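Enquirer: Can you keep this structure in mind? I'll have questions shortly.
What follows draws every value from the coordinates through simple rules; no lab data is involved. Note that the structure is a prediction, hence the values are computed from the model and not measured. Here Cβ is always computed from backbone atoms with ideal geometry, including for glycine, and neighbour counts include all displayed protein chains.
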Amino acid sequence: MAKIKSPAMLEEYRNEILRKRERYTRVISLCGGPGCHAQHCNEIYEAVKKAVEKNGSSESVMVRKTGCHGFCEMGPIAVIQPEGIFYCKISLEDVPEIVERTLEKGEAIERLLYSDPESEKAIIKESKVPFYAKQKRLLMSMNEHIDPGNIEDYLAQGGYRALVKALFEMEPLEIIDEVDKAGLRGRGGAGFPAASKWRACRKAIARDGIKYVLCNADEGDPGAYMDRSLLEGNPHLVLEGMLIGAYGIGATEGYIYVRHEYPLTVENLLIALDQAREVGLLGKNILGSGFDFDIKVSIGGGAFVCGESTALMASIEGRIGEPRVKHIHTAERGLFNRPTNLNNVETWANVPLIINQGAVKYRKIGTKTSTGTKIFSLVGSINNTGLVEVPMGMTLREIIFDIGGGVPKGRKFKAVQTGGPSGGCIPESLLDTPVDFDALYDVGSMMGSGGMIVMDETTCMVDIARYFVDFLCDESCGKCVPCREGLKQMLFILEDITQGRGSLDQLELLKELAEVMRDTSLCGLGQTAANPVLSTLHYFEEEYIEHIKKKKCRAGVCKPLISFSINAKKCTGCMACRKACPVGAIKGKKKEAHVIQPEKCEKCGICFEACKYGAVVRK
Amino acid sequence: MVKLIIDSQSVEAEETWTVLEAARYYGIDIPTLCYYEGLSPTSSCRLCVVEVIRGGRSRLTASCSMPVQEGIEVRTNSERVRKARKVIIELLLASCPNSRTLQCLASKYGVTKIRFKPEDRGCILCGLCVRMCEEQMQAGAIGFVYRGVDREVAMPFHTRHEACRECGACQFICPVCEMPCQGPMQPGQLCNACLDAVQLEAFPSKD
Ligand SMILES: Cc1cc2nc3c(=O)[nH]c(=O)nc-3n(C[C@H](O)[C@H](O)[C@H](O)COP(=O)(O)O)c2cc1C
Ligand code: SF4
Ligand code: SF4
Ligand code: FES
């Protein structure tokens, strides 16, 4: 492929791609995202491809493996266009029928359709599935039309039009102004206005002419995978965003920092970079505009703290990934001591959208202070696990119950955790809080990068706080005292409480320690590390007190505080529990009441699940 | 020259000074542990935090690396600073209970109890030895290994490295490898023997 040297040539190339594709009567997009990948979507993709080739329809049917479609709970997923037929939980055995009936004739196969849990009616179209219907998928919807290994797919979707507009119709400062007017705030956690950072970096003096733009794809929050899915599924969207930002800022080099746990992301990214370079969308004199820019990929070791800006830069430089004091902003002296601008994956992905449709239209979605959409990875005790993209301002209740389908197994909702280890647990009474940077902060949590963990009555809130503190004990860099020693002592205290050795004085100590950690830690990790503790203490203090005073864990999680026994009146002697117990702690003859021997019992709760008569009692 | 306020006094400082340097120039005491003249500051112990008020907003900042700025107000001994300092000393003592330096800091800044679980690690990870070795001795024989609560100072692969000339500079500068505090306390407890005397010296007005 020859290099594209002008916007007109790009349009020509685009039209050629579209013309080439006119012969396809049908396109099947098989999700190859992380969730479906675990469900063997690769084999299904290969099988569909083979079957299409075999029956001679490869000229009229396009088979595409894409990035994540979002509804991971229902994987493996396939969408067939132009009908928009949505299939879920497909398996290898379904392939011949899909090819024969759907790809050939456009018929929907009832058993593969999504059935509405309420009406139990089969839904044919993806857009009518409740999980998708309430979302606003400005960024994610493109995923299913794109094979990340093929730049032509992105171009066919109108890709790189925003870049052309930015390079040929706008001045760099106009770009920054447009992003400013759009109200774009950083999606990496703190919600800092992107344009302010860009402006500072543009102003900064580059002594040797080099400025950097970086993309933060470290994504270390437990349970979060939205940045991965965007970058892995639609890499060119992020590249286009970075290109536009770099032009606005006056940067000539870029880095994307990805954790090594995301090998497929790295692979797709490298392919995308190669293809962009090949056609002249990266490199010298891009599209004949005179603008030079290229991007490198830097692979991190997967430390949570390396998501922090200065630690990330240290890591790219090949030094230990440790934060440093920021008396001089990274906009002036960042990577290799040069002016640097860092944004999150999703922040960059929003940029082409803003340039394409303009700030005024962009602002129409979202709230006054938080514009646009936000992608969350909805996980935990929820029916519809997956990635959801919603307009800012939607309430947590709508996300969890209308889109997420609520809590499974008839359990009761207890709390939702947002913001990862820096965020907090929000109780049921505050479910009408809108997702908005400021509103979430006001209830003691934060937007974070988009992790959303739903918890039900079987989650112990003290144990959750312990879990996050334990996570941070390992993930803090350990450089500064309040964070390193503070977290360690916090963990000791929370272990005391969950093991029944806690005292009420310790609750005061927790609060005092939390305040000092927030006030004096060197970086954002330590400054926010106490949030999971403070928010659970605030909203679920009675659970802490119960653990301490009554030695009781109402969720039945803290093992030293619970015991199992069998109610002889209810026990039928069916022996189910005895067979299920992995340590042989249950004694009893057939048709006689069974007994648990406390000295042998490991409190795993398997008998509790195994008994059909509700005779096993957990206290 | 930069004009600023430190503890209600209007002072002038060289542009290149840190807040700590300015305070010390005017005889104002700020405790430090990981700071050492001639070594690059890492601001990791956080003992030197002061309250900085700028544009009506106040926050705690490590004074050892913060450059002086025109018009800021610095409080080195406010309620908030004292509270933070005490908790930091308390945390450090839990990790190095017998250190004389830390015991003295406890007495001087009024730490009279350790509410945390002591676990003697024999090192407060201030990193002075690492910087001394690299920046002054030009050896770079030691460094930090591991992360989070497991962080420690070590030679590469935990074996003696030829880069080490056994100059002893690391031991010289270490604030905790010294004669343990000779006070009357049991291991893991506070000495506080000289509490009243040093308290009076540090805060003559007893606020
Ligand atoms: C401990 C820590 C971890 C972080 N991890 C991430 C991360 O994984 N991804 C991310 O985009 N930002 C992360 N951040 C935020 C970044 O430091 C930075 O603010 C962000 O990438 C800036 O981009 P934005 O303005 O577009 O959000 C983290 C911050 C801290 C303090
Ligand atoms: S706050 Fe924690 S992660 Fe940040 S520098 Fe200090 S020890 Fe490292
Ligand atoms: S050995 Fe001493 S000087 Fe080195 S980090 Fe530990 S306490 Fe500091
Ligand atoms: S002396 Fe300033 S942080 Fe240690």
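Enquirer: With the crude spin-label approximation of a point 7 Å out along Cα→Cβ, what separation in nm comes out for B:Cys177 versus A:Ser58?
Expert: According to this spin-label approximation, the distance is 6.8 nm.
Enquirer: Counting pairs of alpha carbon atoms under 8 Å apart in space and at least six apart in sequence, what relative contact order in percent does region A:402-464 give?
Expert: That works out to 39 percent.
Enquirer: Shielding by partners for A:384-392, please: the mean number of other protein chain Cβ atoms within 10 Å of each residue's Cβ.
Expert: Taking all residues of A:384-392 together, the mean is 0.
Enquirer: Same structure, new question: Do any GluC sites (Glu not before Pro) in region A:21-83 lie in a DSSP loop with no more than 13 other beta carbon atoms within 10 Å, and if so, which?
Expert: Listed in order of number, the matching sites are A:Glu22, A:Glu59.
Enquirer: Further, regarding this structure: How would you rank B:Phe172, A:Phe131, A:Phe293, going from fewest to most other Cβ atoms within 10 Å of each one's own Cβ?
Expert: In increasing order of surrounding Cβ atoms, one gets B:Phe172, A:Phe293, A:Phe131.
Enquirer: Let me have the relative contact order for chain A, percent, based on Cα pairs under 8 Å that are six or more residues apart.
Expert: 11
Enquirer: Can you compute 3J(HN,Hα) from phi for each residue in region A:209-218, using the Karplus curve 6.51 cos²θ - 1.76 cosθ + 1.60 with θ = phi - 60°, rounded to whole Hz and x for Gly and Pro?
Expert: x, 9, 10, 10, 10, 10, 10, 8, 10, 6
Enquirer: Using the Cα centre of chain A as the reference point, and only Cβ charges (+1 on K/R, -1 on D/E), how large is the resulting charge dipole? Debye, rounded to the nearest 20.
Expert: 1440
Enquirer: Using 1/(1 + (r/R0)^6) with R0 = 56 angstrom and r between the beta carbons of A:Val617 and B:Ile53, what's the FRET efficiency to the nearest 0.05?
Expert: That gives a FRET efficiency of 0.40.
Enquirer: Here is a further query. If you keep only loop residues by DSSP, which GluC sites (Glu not before Pro) in region A:536-619 have at most 15 other Cβ atoms within 10 Å of their Cβ?
Expert: A:Glu592, A:Glu599, A:Glu602
Enquirer: Report the rotationally averaged projected area of region A:563-618 based on its alpha-carbon convex hull, in square nanometres.
Expert: Mean orientational projected area (region A:563-618, Cα hull): 3.0 nm².
Enquirer: Then there's this: Could I have the simple spin-label model distance between B:Arg160 and A:Arg277, label points 7 Å from Cα toward Cβ, reported in nm to one decimal?
Expert: Inter-label distance under the simple model: 4.8 nm.
Enquirer: Okay, helix-only estimate at 222 nm for chain B: each DSSP H run of n ≥ 4 adds -39500 (n - 2.57), divide by all residues, round to 500 deg cm²/dmol; what do you get?
Expert: It lands at -6500 deg cm²/dmol.
Enquirer: Just in region A:367-437: which trypsin sites (Lys or Arg not before Pro) are loop by DSSP and have at most 13 other Cβ atoms within 10 Å?
Expert: A:Lys368, A:Lys409, A:Lys412
Enquirer: A further question follows. Fully extended, how many nm does the chain gain between A:Lys326 and A:Lys550 (0.36 nm per residue separation, minus their Cα-Cα distance)?
Expert: Taking 0.36 nm per residue and subtracting the Cα distance, the gain is 76.0 nm.
Enquirer: Once the piece of chain linking A:Glu592 and A:His260 is laid out straight, how much longer is it, given 0.36 nm per residue of separation minus the C-alpha distance between them?
Expert: Full-extension gain reported as 113.9 nm.
Enquirer: Okay, moving on. Jot down the per residue volume, in cubic angstrom and as a whole number, of the convex hull over the alpha-carbon atoms of region A:315-413.
Expert: Taking only Cα atoms, region A:315-413 has a hull volume of 185 Å³ per residue.
Enquirer: A:Met9 label point, 7 Å along Cα→Cβ, cut-off 18 Å on backbone N: hits in region A:271-295?
Expert: Those under the cut-off are A:274-294.
Enquirer: Around A:Asn341, what is the net charge, scoring Lys/Arg as +1 and Asp/Glu as -1 over all other residues with Cβ under 12 Å from its Cβ?
Expert: +4
Enquirer: Same structure again: Using Cα positions and a limit of under 12 Å, work out the aspartates and glutamates in reach of A:Lys569, with same-chain residues fewer than 8 apart set aside.
Expert: A:Glu592
Enquirer: Counting pairs of alpha carbon atoms under 8 Å apart in space and at least six apart in sequence, what relative contact order in percent does region A:199-296 give?
Expert: 31
Enquirer: Rg to Rh ratio, region A:151-362, alpha-carbon atoms and Kirkwood radius?
Expert: Computed over Cα atoms, the ratio is 0.93.
Enquirer: Related question: What does the charge count near A:Gln527 come to, summing +1 for each Lys or Arg and -1 for each Asp or Glu among other residues with Cβ under 10 Å from its Cβ?
Expert: 0
Enquirer: Another question, then. Expressed in nm to one decimal, what extension gain is obtained for the pair A:Lys284 and A:Glu428 from 0.36 nm per residue of sequence separation less their Cα-Cα distance?
Expert: Stretched out fully, the A:Lys284 to A:Glu428 stretch lengthens by 46.4 nm.
Enquirer: If you don't mind, another one. Could you pull out every residue, at least 5 positions away or on a different chain, whose amide H is within less than 5 Å of the one on A:Thr371? Hs are placed 1.01 Å off N in the peptide plane, and Pro or chain starts have none.
Expert: Correct list: A:Arg185.
Enquirer: If you take the alpha carbon radius of gyration of region B:1-137 and divide it by 2.2 N^0.38 Å, what ratio comes out, to two decimals?
Expert: After normalising by residue count via 2.2 N^0.38 Å, the value is 1.10.
Enquirer: Per residue of chain A, what 222 nm ellipticity follows from adding -39500 (n - 2.57) for every DSSP H run with n ≥ 4, rounded to the nearest 500?
Expert: Roughly -10500 deg cm²/dmol at 222 nm, from the helical runs in chain A.
Enquirer: Please give the direction-averaged projected area of the C-alpha convex hull for region B:128-173, in square nanometres with one decimal.
Expert: Spelled out: convex hull of the Cα atoms, projected over all directions, averaged, 3.2 nm².
Enquirer: How many angstrom lie between the Cα centre of region B:25-47 and the Cα centre of region A:177-220?
Expert: 32
Enquirer: Among the lysines, which have Cα under 24 Å from the Cα of A:Lys364 when same-chain residues fewer than 8 positions away are ignored?
Expert: Answer for A:Lys364, where 24 Å is the Cα cut-off: A:Lys128, A:Lys134, A:Lys136, A:Lys165, A:Lys181, A:Lys197, A:Lys374, listed by chain and number.
Enquirer: Same structure, new question: Rank the residues A:Asp519, A:Asp292, A:Asp208, A:Asp180 as a footprinting-exposure proxy: fewest other Cβ atoms within 10 Å of their Cβ go first.
Expert: Taking fewest neighbouring Cβ atoms as first place, the list is A:Asp208, A:Asp292, A:Asp180, A:Asp519.
Enquirer: Another question, then. In nm, to one decimal, how far is the modelled label at A:Asp294 from the one at A:Asp496, with both set 7 Å along Cα→Cβ?
Expert: Taking the two extended label points, one gets 5.8 nm.
Enquirer: Considering only C-alpha atoms, what is the centroid distance from region A:226-262 to region A:97-141, in Å?
Expert: Cα centroid of region A:226-262 versus Cα centroid of region A:97-141: 31 Å apart.
Enquirer: Each residue of region A:235-251 in order: what ³J(HN,Hα) in whole Hz does its phi give by Karplus 6.51 cos²θ - 1.76 cosθ + 1.60, θ = phi - 60°, with x for Gly and Pro?
Expert: Those phi angles translate into x, 5, 4, 5, 4, 4, x, 5, 4, 5, x, 4, 5, x, 7, x, 8 Hz.
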